[in-house]
Structures are given as structure tokens and as C-alpha cells.
Amino acid sequence: MVLLLCVSVGIVFFDRNAINYLMPYIAPEMGVSNTQIGLLASGLSLAWAISGLGLAALIDRTGQRRRWLVGLMVVFSLCSVVSGLAAGFVALLAARVVMGLAEGPIVPVAQSIVALESSPLRRGLNMGIVQNLGGGLLGQFVAPIVVVGLAQTYGWRVAFYVAGIPGLLLALLCLLGLREPSRRERGAVGKERRKYSIVQLLRVRNIWLCCVVSCLMLSWLVLGWVFMPLYMIRVAQITESGMSLLLAVMGLSGALCGAFVASSLSDRYGRKPVMVLFCLIGVLSPAGLLLHGGDLPVTAFMLFLGASAAGTFPVFMAAIPSESLPLRYLGTSMALVSAVGEIVGGVCAPLFAGRGADLYGLTFPLYMQVGLAILASVVSLFLLETAPRIVGSANLEHEIVI
């Protein structure tokens, strides 16, 4: 189950990130500005947030997680193919928006399955593997190597066509290999009859703090996805092969450090200290590029360390929300944290950074990343600890943390 969900989430980020790695090829052909590049990222993120929150709540009520997961994977995979057919900016934007609508609920649905199936003492590790191992390996390590290589050889449109194939194959595997949670598991709801609105969920201390961290860290992440490839080519004068190598190094860090190191440390030593430390480490990736002096190995090392901050995502998006609310709100609480972060970090941040890049240069988004990582570390200081090994409760998910 963990392996299938891990690869499923990886394919989501493979398709989502492909456009960022291909932008150095798309931008000259379509003549798009930095502001329009930011708009492409913002449009997908807004659709991701809206559908993620709305559909996750619906899926929580129906309990049919596997069926929804398979259907959504088919839709976003086809949207990747449509992206390759786009004749202009408007068509490309439309394809990305539909892709965002399909991708939005996938991560919270996958993580809610993990939360139901995992033991409390391994929940953080399993959630880290699902969200970061696949996302890092496929979305940030394999994707830049594959799509840039395809773009160099066959053109960027072919790269989009190829990117859609794995999702279709995996949808079939999930249909055959995933089991639907039983009625008893879906309704671990039976013990908690009270219903909470979105506003009431936001009154839970850990939930609104996770939403704030989500805004900051998703901004940090998306700005790196969107503007780092452009900065490497246009400002740092790094070759296309060097760019794909550096991006792959960051993906490898997100996969290994994010999936195993940060998540397992949060199980053992607590969610809060890991959040504070790893958010702060996120400063190193933009700093590595800003300080790049031509020494590629040194830059790669700093990017590797900084990208390990991605290990915080399964902690504040999945582990803490799942341990701060009753089981019936697994998907909804995770989707809420993700949606708020996507709206601010995925929609507003790229637009603001894109405009700033047009006015002040491509260093602007990188300096934004530095500030965002520092702020996220400070906000994390106010989280309430939820790790079962630390608080001594294996049933924390049944308690509302005020």
C-alpha cells in the first residue's frame, strides 16, 4: 500500500513539475513573460486548492478512497498530454488548471489511507515515504533528467506526451492492488459524532498554525520549482545539463532526507523540533544559488542540504493534522492545510515573485525563499507536540488539540 501510494504521489509531482523544467524551452517559443510563468503556476495551484478541499471532504463522507484516486489519476495524466498540444499561453493555462482540479485531492486522500492503516508510532515515517519519496524521486530527481533529455532530443511537446503515460499505468495498478478501507475503518467516525465546520477546524491551534506554515513553505517550494531553473540558465549561466543535474540533486535530497530522515526523526523526537530545524535548513537552497561562483559541486551540496526542508511537508500537512483531530476529519484536515497553503503559496507567491522578477531580476524570488524559510521556522515554535512517542498517547487522533 505504501509503495503504491508513494509512486502515485510521485507521478502527481512528476506531471506538475514537468512544465517548470520545460519552461526554458516553452518560454522562447510562446514568448511568455515571468509574470505569465508565475500565472501558470498560480492557476494550477488555485485549482489544486479548490478541488483538494472540496473533493477531500466529499471523499471523507463517501469513504470510497480507492475509486476516486484511480479516476483522478486518469484525468491528470490526460491533462499532461493536452499540455503538449497547447498552441498558445491560454490553452496551456487551461490545461494546467484542469490538471490542478484533478490532482488536488490525491495527496490528502493518499495520506488519509496511510493514517488509517499505519500504527501511530510509524505514522510519520509512512507519511513521509508516501509524500516525499515518490515526490522527490519521481517529481524532482527523475523528472528533470527525463523531461529535459526528451526536450533536447525530441522537443518539449513530446516530453509532455511521455509524462502522461506513467499515471495511466499506475491508475490500473492502484485499481488492482489497493484495498478499500472497511466500513469499520472508514467510520472510525462512529466514536465521534460531532460535526465540525471548516471555521471550527481552523480554531484548533495546530490546524491554523499548520495552515500558516503551509503558506510559507509552499511559497518556498513553488518559487523554487518555478524560478530556480530560469535563474540557473539566465543568471548563473549554468548549462542545461548542469541545471538538470542540480534539480535532480534537490529531488534526491527531498526523497531521501524528506521521506526517511525528517519523518523518522519526527516520530522519535517529536514533530515540533523537526519542523523548527528543517524549515530553517531551507534557507540553504536559495542561498546556494545566490552564492554560486561557478563551483558546481559546492552549489550542489548546498542545494542538497537545503532541499531536505521538504521533509517538513508530510509533518505539517499530514502527521500533525491527523493527530490533532478525530479520524473522520483525516482527509478534510489535510486538504484544508494544503488548500490554504496552495492559495497563498501556490497562487499569490508566484504572481508576486514573477512581477518582482520582471522588475528587479530573477534574484528576487530567491531572496523571498530565504525569508519564507526563516518565518516558517519561527512559526513552528508555537506548535503543540502531537507525536505519540512524546505525548504518550497512541489514540491522539481522537482528541481535539486546542
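Looking at the stretch 272-305, which of its residues are surrounded by 17 or more Cβ atoms within 10 Å (Cβ to Cβ), of a type outside the set (Val, Ile, Thr) and not in a helix (DSSP H, G or I)? Within the stretch 272-305, GLY282, HIS292 meet the criteria. The residue that is most open to solvent (accessible area, probe 1.4 Å), counting only those in the stretch 1-58 that are closer than 29 Å to ASP358 by Cα and of a type in the set (Val, Ile, Thr), is ILE50. Only one of the numbered conditions (1) within 24 Å of LEU256 (Cβ to Cβ); (2) touching a residue at least 60 places away in the same chain (Cβ under 8 Å) is not met by GLY354, and that is (1).
The values are calculated or read from the model by the stated rules, or taken from the named source; none is laboratory data. Since the model is a prediction, treat every value here as computed from it, not as a measurement. Neighbour counts are summed over all protein chains in view; Cβ atoms, including those assigned to glycine, are modelled from backbone coordinates with ideal geometry. The protein model used for the area step is the full one, side chains on, heavy atoms only, and it has no ligands, DNA or RNA in it. Shrake-Rupley method; radii C 1.70, N 1.55, O 1.52, S 1.80 Å.
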